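In what follows, a structure is listed as structure tokens, so that the remarks can point back to it.
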Amino acid sequence: MKLDLPASARAKSPARTRVVVAMSGGVDSSVTAALLKEAGYDVVGVTLQLYDHAVAIDRPGTCCAGRDIHDARRVAEAIGIPHYVLDFEQRFKQEVMEVFADTYMRGETPIPCVHCNDTIKFADLLERARDLGADALVTGHYARRVDGPDGRAQLLRGADHGRDQSYFLFSTPRDALDMLWFPLGASSKDETRAEAGRLGLAIAAKPDSQDICFVPEGKYLDVVETLRPGALVPGDIVDRAGRVLGRHDGVVKYTVGQRRGLGIAAPEPLYVVEIDAAANRVVVGGKADLLSHALTIRDVNWLGDGVAMPEGGVDCSVKLRSLSAMVPAHVTPLGDGRAAVRLKDPFSAVAPGQACVLFEGERVLGGGWIVKT
């Protein structure tokens, strides 16, 4: 399996290149570290302890705690590289878990993995990598990082679109992207698992994590209630005209596009079309009410050519959820880090709090956070 490295990295002698690999204890990051070591790079493994180590010891399908730290350490010992465990538990709680709970409290749907990348992996961990004298910070993400004509890094979709993780990397700052490598970007998951077997790694058959790392069995309400006691405040379920149709047990239990669990008898299916957290109301409507032709995004991160999005905007394709199809759109900057997105075709269930990621072919141009419109 060939490592997918930027041209600037291939031009350097591996023996004189130190790389810090973020090792979560899973197959992807373990194979990444082992392949780089096999290729002759000076590899240092780093694992972040992000949440309660004791609680996670015996829970499978997690990362960055308990059993996974042990697995990362075993792999590091097996391939003969130094390995460090950094305690970022308090930082993770403040920057990721608290934000996760507050986003739900605002009636939005969070993506904690992106916030973790922004504030922990590609910020704090990047600084630690520099402290260790690293030339690059390396992860097992299925995305591609290449050198552009101007020498600056560009972010591309993973070659296996079924595993592509570039959506979760859209907010990576330019200066951080310059120092990142994604060696698995040209590979498939099956190829990675095959390499794990060839390399004799003990985690070769380890299953992928399925849930958000700090949300056991997908029970996000438990996390919200723990961090924000009293979050479940009953209120009204109303139609778009404001007529009360029923009651809810707390707006944090709902997301835009949800159909099940409304407890309302109606001649036609009803869906959540809006969550008005300020008024503690859940607004419902028909399927057609979910369609949007336009939206606004905030905190736009631009990774295209130039230092900022062109004033006249860009024609591109956008993804409004990680697993959704691309939608043709025109995106126009509004100033103050915001942009207007006009969709060529209507999209159903645009959820505030999710990300709108911009693509030009395989290249990621950046993106922003969807705001309530």
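The values are calculated or read from the model by the stated rules, or taken from the named source; none is laboratory data. Since the model is a prediction, treat every value here as computed from it, not as a measurement. Virtual Cβ from ideal backbone geometry, glycine too; neighbours counted across all protein chains shown.
At a glance:
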read-out: Condition check for residue 239: under 26 Å from the mean Cα position of the chain (by Cα) and within 20 Å of residue 108 (Cα to Cα); value: no
read-out: Some residue of the stretch 201-213 being among the small types (Gly, Ala, Ser) and outside any loop (DSSP other than H, G, I, E, B); value: no
read-out: Unmet criterion (only one of (1) within 22 Å of the chain's Cα centre (by Cα); (2) surrounded by fewer than 14 Cβ atoms within 10 Å (Cβ to Cβ)) for residue 327; value: (2)
read-out: Set 178, 249: member being surrounded by 12 or more Cβ atoms within 10 Å (Cβ to Cβ), more than 26 Å from the chain's Cα centre (by Cα) and not aliphatic (A, V, I, L, M); value: 249
read-out: Matching residues, the stretch 162-190, being of a type in the set (Asp, Glu) and assigned to a loop (DSSP other than H, G, I, E, B); value: 164, 178
read-out: Among residues of the stretch 18-56, those that are surrounded by fewer than 20 Cβ atoms within 10 Å (Cβ to Cβ) and at pLDDT 95 or above, counted; value: 5
read-out: Any hit, the stretch 300-319, residues being out of contact with any Asp or Glu (no Cβ under 6 Å at 6 or more places or on another chain), of a type outside the set (A, V, I, L, M), surrounded by fewer than 16 Cβ atoms within 10 Å (Cβ to Cβ) and closer than 21 Å to residue 256 by Cβ; value: no
read-out: Members of the stretch 181-192 that are in contact (Cβ under 8 Å) with a residue 40 or more places away in the chain and either among the small types (Gly, Ala, Ser) or surrounded by fewer than 19 Cβ atoms within 10 Å (Cβ to Cβ) (or both); value: 185, 186, 187, 189, 191
